[in-house]
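Here is the structure we will look at.
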Amino acid sequence: MKSRTIAGTPVRLTELGFGSAVIGNLYRETSDEEADQALSAAWDAGIRYFDTAPHYGLGLSERRLGRALQGRPRSEFVVSSKIGRLLVPNETPRGRDDDLFAVPDDLRRVRDYSRDGVFRSLEDTLERTGLDRVDILYVHDADDYWREASEEAMPALAELRDAGVVGAIGAGMNQSAMLTRFLRETAADVVMLAGRYTLLDQSALDDVLPAAAATGKSVVAVGVFNSGLLAQARPGPESTYEYRTAPRELLDRAHRIADICEQHGTTLPAAAVAFPLAHPSVLDVTLGMRTAQEVRRNVQLLAEQIPTALWTDLQAAGLLRPDAPVPA
């Protein structure tokens, strides 16, 4: 599988990354066996970038990922995790986590973007994964914490990077405006951009992507299916967009894109995976993969040859911005 280097760092990412939120029991339970099989299939397919976070399943994702990578040659894979949510004992458990993950709530999340919080979060991640290091650390979902994240967390991350403890640092979230600030105003090497550069939303062309180009920094694209609407060749009325039932106008737009995809012998999900990678600042598309079957499907989507004329027709139909770089 092709790989690309985060600008200014030694860290290389395969073009397809394994998103580990789902093996942290996002929305529903996933068995240890399913998670192990998905991670094994990803390795066999050549995927070497694995993203996780303490938030995902209250540490379950990190534990499962670390267990699956034990014994693998450490120089051959890249792991990213995140800071911003420390896990502490929950004094008043109710039985189940109430933040999207189907796990017991014996722990709870505490927001902490301080210097000490960064170091503690990394230490806890290393303990849960059993790894000797993580390669990338992102500030996670700092939407309401810009001052703490920019003035405390990012300098601490830069200290870790400059000491060689981590290879690259950055920030990840579902909005583009603050990620643009991270690129322009902090020591971030890379940002993880969720949902803002897809077939349905190219708003990152107005801020994050120009900022990455201007600063010589890099972007990892996630949420390229917009939480489900672009994941199927023909999305149904129950399809989700931004974790809610998709509005009718967006469902109709997705079907118009699907019509043109079918005319060119391809599918909506394949086009959704290919599109972000055409931008020179985007190194990788990371997708959530719960099962080995999902891994194999996503690898096939990445490998699919898509006619250049598809992109021309989407732009002519007003379904893709004319200034969006498209695959050659």
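Observations, loosely collected:
- Among residues of segment 17-31, those that are in a loop (DSSP other than H, G, I, E, B) and at pLDDT 95 or above, counted: 7
- Lone qualifier among 66, 17, 46, 24 - being small (Gly, Ala, Ser) and farther than 26 Å from residue 160 by Cβ: 46
- Within segment 311-323, tally of residues that are assigned to a loop (DSSP other than H, G, I, E, B) and surrounded by 19 or more Cβ atoms within 10 Å (Cβ to Cβ): 1
- Per this entry, residue 270 is not counted among residues that are in a helix (DSSP H, G or I) and touching a Pro at 6+ places or on another chain (Cβ under 8 Å).
- The sole residue among 103, 118, 134 that is of a type outside the set (Lys, Arg) and either farther than 29 Å from residue 176 by Cβ or assigned to a strand (DSSP E or B) (or both) is 103.
- Selection within segment 107-132 - farther than 18 Å from residue 153 by Cβ, surrounded by 15 or more Cβ atoms within 10 Å (Cβ to Cβ) and without any contact (Cβ under 8 Å) to a residue 60 or more places away in the chain: 107, 108
Listed here are the residues, each with its yes/no results for (1) in contact with a Phe, Trp or Tyr (Cβ under 9 Å, 6 or more places away or on another chain); (2) at positive phi; (3) surrounded by fewer than 24 Cβ atoms within 10 Å (Cβ to Cβ); (4) free of Cβ contacts under 8 Å to residues at least 12 places away in the same chain.
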| position | (1), (2), (3), (4) |
| --- | --- |
| 199 | yes, no, no, no |
| 205 | yes, no, yes, no |
| 212 | no, no, no, no |
| 225 | no, no, no, no |
| 237 | no, no, yes, no |
| 241 | no, no, yes, no |
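- Flag if residue 42 is assigned to a helix (DSSP H, G or I) and under 16 Å from the mean Cα position of the chain (by Cα): yes
The rows are residues; the columns are (1) touching a residue at least 40 places away in the same chain (Cβ under 8 Å); (2) under 16 Å from residue 193 (Cα atoms); (3) among the small types (Gly, Ala, Ser).
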position: 267; (1), (2), (3): no, no, no
position: 286; (1), (2), (3): yes, yes, no
position: 290; (1), (2), (3): yes, no, no
position: 295; (1), (2), (3): yes, no, no
position: 304; (1), (2), (3): no, no, no
position: 312; (1), (2), (3): no, no, no
position: 316; (1), (2), (3): no, no, yes
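- Against the criterion of being touching a helix residue (DSSP H, G or I) at 6+ places or on another chain (Cβ under 8 Å), more than 18 Å from residue 116 (Cα to Cα) and not in a loop (DSSP other than H, G, I, E, B), residue 183 qualifies.
- Residue in segment 253-265 that is in a helix (DSSP H, G or I), touching a Gly at 6+ places or on another chain (Cβ under 7 Å) and either within 27 Å of residue 51 (Cα to Cα) or among the basic types (Lys, Arg) (or both) present: no
- Within segment 135-147, the set of residues being buried (at least 19 other Cβ atoms within 10 Å of the Cβ) and on the phi < 0 side of the Ramachandran plot comprises 135, 136, 137, 138, 139, 140, 142.
- Residues satisfying the stated conditions in segment 76-100, i.e. surrounded by fewer than 20 Cβ atoms within 10 Å (Cβ to Cβ) and in a loop (DSSP other than H, G, I, E, B): 77, 90, 91, 92, 93, 94, 95, 96, 98, 99, 100
The values are calculated or read from the model by the stated rules, or taken from the named source; none is laboratory data. Only a predicted model underlies this, so the values are computations on that prediction, with no experimental measurement involved. Note that we place each Cβ from the backbone using ideal geometry, even for glycine, and neighbour counts take in every protein chain shown.
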